[in-house]
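The values are calculated or read from the model by the stated rules, or taken from the named source; none is laboratory data. Keep in mind that what you see is a predicted model, and the values were worked out from it rather than measured. When we count neighbours, we look across all protein chains shown, and the Cβ atoms used for this are built from the backbone with ideal geometry, even at glycine.
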4 protein chains.
Amino acid sequence: MGSVHVRNIVRHIPEADLVAICDIRLDVAQAVADELGIQRVVKDYHELLADPEIEAVLIATSTPTHAFIIKDVAKAGKQIFCEKPLAMELSEIDEALEAVEKAGVKLQVGFNRRFDKSFQKVKEIVSSGEIGRPCILHIISRDPEVPDMDFMRVSGGMFLDMTIHDFDMARFQVGEVEEVYAMGGVLIEPELEEFGDIDTNIVTLKFANGAVGAIDNSRQAVYGYDQRLEVFCSNGTAMAENDTENTAVKANPEGFHASRIPHFFMNRYAPCYVEEVRQFIECVREDKPTPINGQDGRAAVVLGYAAGKSLRENRPVKISEIG
Amino acid sequence: MGSVHVRNIVRHIPEADLVAICDIRLDVAQAVADELGIQRVVKDYHELLADPEIEAVLIATSTPTHAFIIKDVAKAGKQIFCEKPLAMELSEIDEALEAVEKAGVKLQVGFNRRFDKSFQKVKEIVSSGEIGRPCILHIISRDPEVPDMDFMRVSGGMFLDMTIHDFDMARFQVGEVEEVYAMGGVLIEPELEEFGDIDTNIVTLKFANGAVGAIDNSRQAVYGYDQRLEVFCSNGTAMAENDTENTAVKANPEGFHASRIPHFFMNRYAPCYVEEVRQFIECVREDKPTPINGQDGRAAVVLGYAAGKSLRENRPVKISEIG
Amino acid sequence: MGSVHVRNIVRHIPEADLVAICDIRLDVAQAVADELGIQRVVKDYHELLADPEIEAVLIATSTPTHAFIIKDVAKAGKQIFCEKPLAMELSEIDEALEAVEKAGVKLQVGFNRRFDKSFQKVKEIVSSGEIGRPCILHIISRDPEVPDMDFMRVSGGMFLDMTIHDFDMARFQVGEVEEVYAMGGVLIEPELEEFGDIDTNIVTLKFANGAVGAIDNSRQAVYGYDQRLEVFCSNGTAMAENDTENTAVKANPEGFHASRIPHFFMNRYAPCYVEEVRQFIECVREDKPTPINGQDGRAAVVLGYAAGKSLRENRPVKISEIG
Amino acid sequence: MGSVHVRNIVRHIPEADLVAICDIRLDVAQAVADELGIQRVVKDYHELLADPEIEAVLIATSTPTHAFIIKDVAKAGKQIFCEKPLAMELSEIDEALEAVEKAGVKLQVGFNRRFDKSFQKVKEIVSSGEIGRPCILHIISRDPEVPDMDFMRVSGGMFLDMTIHDFDMARFQVGEVEEVYAMGGVLIEPELEEFGDIDTNIVTLKFANGAVGAIDNSRQAVYGYDQRLEVFCSNGTAMAENDTENTAVKANPEGFHASRIPHFFMNRYAPCYVEEVRQFIECVREDKPTPINGQDGRAAVVLGYAAGKSLRENRPVKISEIG
């Protein structure tokens, strides 16, 4: 993810001035820097924190390191963009957010899907009130294939690795969640049972405003990266359908045949990765609040915990029971 | 519904010989009979049961009368087609089914949606195994507008009046359900609260084969009678989209604009009402089992009860807890 | 076609009173009459013309007989519905129309497609003026398969048998045509060359209002009966897409797969056959002008002649050159 | 266009080494060079031709300069990518192509739409033969709004400025054209009449392989940049539909509402501008023939001339009549 952000900044966000890349694998950082003409490459991020010319830091390291890096960067008084999830442990998140608040710096969490033009259009329609109050949310979020098992063993599990995006989207579209109920199991990849993960689930949501919702997830949608949602309202509905790989349609005696949907998140959400950082930089420049803050980052993790508890105990879990 | 079936039989099922109509409102029956050239009209159905020439009876009376009429017709040794639901009380259903079994007659329940060509195509795709095992079922089933309150007060409530069709569809598409969890409330029509009904809900389902499902219902989809479903499987997915009122599309500077979906069940499911009776008559003629039997009729009611219990107690309810 | 109309009238147009069927093949007529409970069957239509109780006559005989039957029926003072085309010879059409005018009876021609709800919606959008003036018309009209050669030899050729519907649709949607240019050939069925017919063509149209148009036809669309049109206007566009056999969609690793379009005109246009006769009867009852009159029937034949001439001479042909 | 190509090369085609920009407006070139970190900026292109390190030249100057620059670049022995059209005068094109041939250098013409993934997919389907032989081509190609009149006066007219892309696409999809017939007029912007241009037209095509085609063009599609095509074949059809701005759909009591299509060519064809240059560079590197050569560039201009002649003389014009 780090190199994606670096390329995006250099190529598509001219208003940002990328001054240095940091990676403990120095050769990896150097290769990217060479490709893009970046002068400074460091191995230890503390070096950069000491540089008064650096205004903001984008953190795209492995999840377990997020919280302590945030704390260090906040202490150094720099603005922060951090990839999701903020951390796996709520206590770590709370400490990091406290440091951010104390330092008075900005924090944006990398829920890139909020910047998808179709999801934004849905929110715009719903927020305008023109189709009444939200009643039912349905999010379909399915990966094209099970990631490799090495990753899966450390992914944090379905709810914190994958559904976390949908929890954030649910809050983005409809508002605060009060209760969740999760059901699911292993229907695709039996190896997941070894470490207690699942590949298929439905999580239902009760929102504070009375609306109800369902998220369905699968690790294997063989026809592509299936990302859809609907916000059904009292006077209409708003839906975001999938993009398509191309718009060609073939007809033959068997019927009509159209292309798959784009294969993976980098294709589908490519413009979102640019836009989220562009907006972050704009917020820093113009001293505005970031569009997704630390509490948003925390709330999605809390929902992940609640869903996990619900699945284990087979009962609806109130969000207030967590953390 | 009775007059719909009568017209369908006379106009579209020439292999059936409709010999008499019975209605306690004799004038209503007479008007239909006159329109269609039917000779015999009676007020008391027992009259017809005594007629040895009558082979089968189609029951489209009010729900509370279904069970005892079934018992009488079964005793008379005639084949039975009965509208859904079989009854509101499980004990009544059980007595009726016992009578049917004892008499050795056929019983078909009027779950007309099973005869929808798109839902049948989905089932055909899924049953063929070509897209793997079912993982996630999602049924969207939304009425265009809240029926009038006089009906709503005696409708049996959301789960037995409306969701019952979706419970049957879930069993038709994926198989037996083991557990349900229901959530919902009043988001559209406050008057429903007076008698404890709801207008918006999500019911999740755990199937015996490991699949999970969600049904979402609303009493008010202002854009038409919204009837969709998806059976997501391990190697693909199968969906049934809505029909449209017409295929005209207008484009202007605001975008593309297409027609509403057909307004109500009589438009959407019109061919199903013909086909279900046509197949019933074929089963009688050729002495085959009916496509939807008494146990199917009972199972949908049991799911309705379980959903009601789940909503009241806010917990997942096993089907084995009911009846 | 005769039996289609008879069934439609009996089953779907209760306001009409069908009193007799006439067919020179008396047994065919008798079979239909028996099926539908019609009392009177005759072999010679003159018998019916003498009956003062008969108000209107629907003519669905072979094309060469249309003109003289129209003349006889008109002389008998009865209202007339006649299948398209009115005749193959313009002189016969002119004589028939003269007889109709002289008798002061109504004449409706069976251009059933004008009653298609999607084509009507397009016309309604365009006529309202909300998307500006018509600029470009495109009609796609393709049969699913080449009819058998016995029929093709007497069909009148592509332009008078098949394109004639599209000529009428062009006039219905955009208005009078001033010039046509036709191109095409035999790309599907070589046997057509024996009698100078074609199976593939494009006919362009110049309308009196300045708009331009193209009709494309094929005798073999293996994916179903392809019937689409677009009226592109100065401030938007209006299109009618195909209906579908069902709305099921399957996705697998190859992409998305939807059903064929309905196979033939009886499926696609079934409701139009009812509606055109229903409106005819309404016009008779309420003494209103018919929606498609004799001049409309003549104009489509003239366009067919012009297209034929254009194809033979490979040049644009003005409509004023014909007849 | 020049700056688009420069940005694309620097950002998306790392295998190319962009060494210099040339523009007679030196300040414009300098600004782009500064933005992208390009070292060398020149005003006179002859300077670059003398540089032995420069292997290839991309020409994106105004059309009247194309031919003589091509000749100079060819003489200097460098590979050439040139924007369309090659020139307005056939004699100039012929001289330029002669120079290219004599010098033995490569020439690629910038018909970017050939690199559109959907149009390519259609070609792939048709070329595979799986749906039989091409019978009917239909291209819809409509600009979102009339360009400003200053441009229109020097644009070369509808056929050479706009339809030229569609002529190339027709050849790309179906093959050589033998005859065209053009009709059209001014339905949108009366000012065009002053200099004899049109804003609306249909051009029909007869292909050497017997297929027929129609291109329709408009200068004003208020709902977006409308770019569609269909290749109807003897055993099926292949279509490319429009992309959409986003996939959000709103439903309300009026029906379903979707977004406009992307507004202009830079949005719709953005990836094509990268891909055409990427392939050109690959052809240079690997010494392969370019995907679109000088004869392709010439053929599209010839078709434009033939269409103009056809419109003026209102008759079909054989391609052999031109040049």
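Restricting to region A:226-258, name every residue that is facing chain D (nearest Cβ under 7 Å) and under 30 Å from D:Glu130 (Cβ atoms). Explain how you work it out, then say what you get.
Filtering region A:226-258 down to residues facing chain D (nearest Cβ under 7 Å) leaves A:235-243, A:246-252.
Those that are facing chain D (nearest Cβ under 7 Å) and under 30 Å from D:Glu130 (Cβ atoms): A:Glu241, A:Asn242, A:Asp243, A:Asn246, A:Thr247, A:Ala248, A:Val249, A:Lys250, A:Ala251, A:Asn252.
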Quiz item: Any idea which of (1) in contact with an Asp or Glu (Cβ under 9 Å, 6 or more places away or on another chain); (2) in a loop (DSSP other than H, G, I, E, B) is the one C:Val32 doesn't satisfy?
Solution: (2)
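Quick test for you: out of C:Gly175, C:Gly156, C:Gly185, pick the one residue that is out of contact with any Asp or Glu (no Cβ under 6 Å at 6 or more places or on another chain), within 12 Å of chain D (Cβ to nearest Cβ) and surrounded by fewer than 20 Cβ atoms within 10 Å (Cβ to Cβ).
Numbers: C:Gly175 fails: within 12 Å of chain D (Cβ to nearest Cβ); C:Gly156 fails: within 12 Å of chain D (Cβ to nearest Cβ).
After ruling out the rest, the residue left standing is C:Gly185.
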Quiz item: D:Asp27 is checked against (1) surrounded by fewer than 16 Cβ atoms within 10 Å (Cβ to Cβ); (2) touching a residue at least 12 places away in the same chain (Cβ under 8 Å) and fails just one. What number does that condition carry?
Solution: (2)
Quiz item: When residues of region D:198-233 are filtered for being part of a loop (DSSP other than H, G, I, E, B), crowded, with 20+ Cβ neighbours inside 10 Å and not aromatic (Phe, Trp, Tyr), how many remain?
Solution: 8
Quiz item: Restricting attention to region B:265-282, does a residue exist that is more than 19 Å from the chain's Cα centre (by Cα) and closer than 26 Å to C:Gly255 by Cα?
Solution: no
Practice problem: State which residue is farthest from D:Arg278 (Cα to Cα) when the search covers only region D:1-29 and only residues that are assigned to a loop (DSSP other than H, G, I, E, B) and of a type in the set (A, V, I, L, M, F, W, C). | Solution: D:Ile24
Practice problem: Kindly provide the set of residues from region B:307-321 that are more than 14 Å from every other protein chain (Cβ to nearest Cβ) and under 14 Å from B:Pro85 (Cβ atoms), ordered by number. | Solution: B:Gly308
Exercise. Check C:His138, C:His165 and return the single one that is surrounded by 19 or more Cβ atoms within 10 Å (Cβ to Cβ), touching a strand residue (DSSP E or B) at 6+ places or on another chain (Cβ under 8 Å) and under 24 Å from C:Pro64 (Cα atoms).
Key: C:His165
Practice problem: For region C:263-303, name all the residues that are within 14 Å of chain B (Cβ to nearest Cβ) and either touching a Gly at 6+ places or on another chain (Cβ under 6 Å) or among the polar types (S, T, N, Q) (or both). | Solution: C:His263, C:Asn267
Practice problem: Please identify the pairs in which a residue from region D:130-151 that is closer than 22 Å to D:Val186 by Cα has its Cβ atom under 6 Å from the Cβ atom of a residue that is of a type in the set (Ser, Thr, Tyr) and surrounded by 20 or more Cβ atoms within 10 Å (Cβ to Cβ), counting only partners at least 6 apart or on another chain. | Solution: D:Arg142/D:Ser218; D:Pro144/D:Tyr225
Quiz prompt | Pairs with Cβ under 7 Å, 6+ apart, first in region B:75-96 and at positive phi, second charged (D, E, K, R) and modelled with pLDDT under 95 | solution = none
Quiz item: Which condition number does C:Thr247 fail, the rest of (1) under 19 Å from the mean Cα position of the chain (by Cα); (2) among the β-branched types (Val, Ile, Thr); (3) within 30 Å of B:Arg114 (Cα to Cα) being met?
Solution: (1)
Quiz prompt | strands (runs of 3 or more DSSP E) contained entirely in region A:40-95, each with at least 1 residues that are over 18 Å from A:Cys283 (Cα atoms) and among the aliphatic types (A, V, I, L, M) | solution = A:40-42
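Would you mind stating whether C:Phe256 is within 19 Å of the chain's Cα centre (by Cα) and buried (at least 19 other Cβ atoms within 10 Å of the Cβ)?
Values: within 19 Å of the chain's Cα centre (by Cα): no; buried (at least 19 other Cβ atoms within 10 Å of the Cβ): yes.
No; evaluated as a whole, the condition is false for this residue.
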Quiz item: Which ones in region A:107-132 are within 12 Å of another protein chain (Cβ to nearest Cβ) and touching a strand residue (DSSP E or B) at 6+ places or on another chain (Cβ under 6 Å)?
Solution: A:Ser118, A:Phe119, A:Lys121, A:Val122, A:Ile125, A:Val126, A:Ile131, A:Gly132
Self-check item: Matching option when the condition is surrounded by fewer than 24 Cβ atoms within 10 Å (Cβ to Cβ), acidic (Asp, Glu) and more than 30 Å from A:Tyr223 (Cα to Cα), among B:Glu245, B:Glu241, B:Glu321
Solution: B:Glu321
Exercise. Could you grab the pairs with beta carbons closer than 8 Å, sequence gap of 6+ or different chains, first residue in region C:37-55 and in contact (Cβ under 8 Å) with a residue 40 or more places away in the chain, second one surrounded by 12 or more Cβ atoms within 10 Å (Cβ to Cβ)?
Key: C:Glu55/C:Lys78; C:Glu55/C:Gln79; C:Glu55/C:Val284
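Find the residue count for region B:60-111, including only residues that are of a type in the set (S, T, N, Q) and closer than 20 Å to B:Pro289 by Cα.
2
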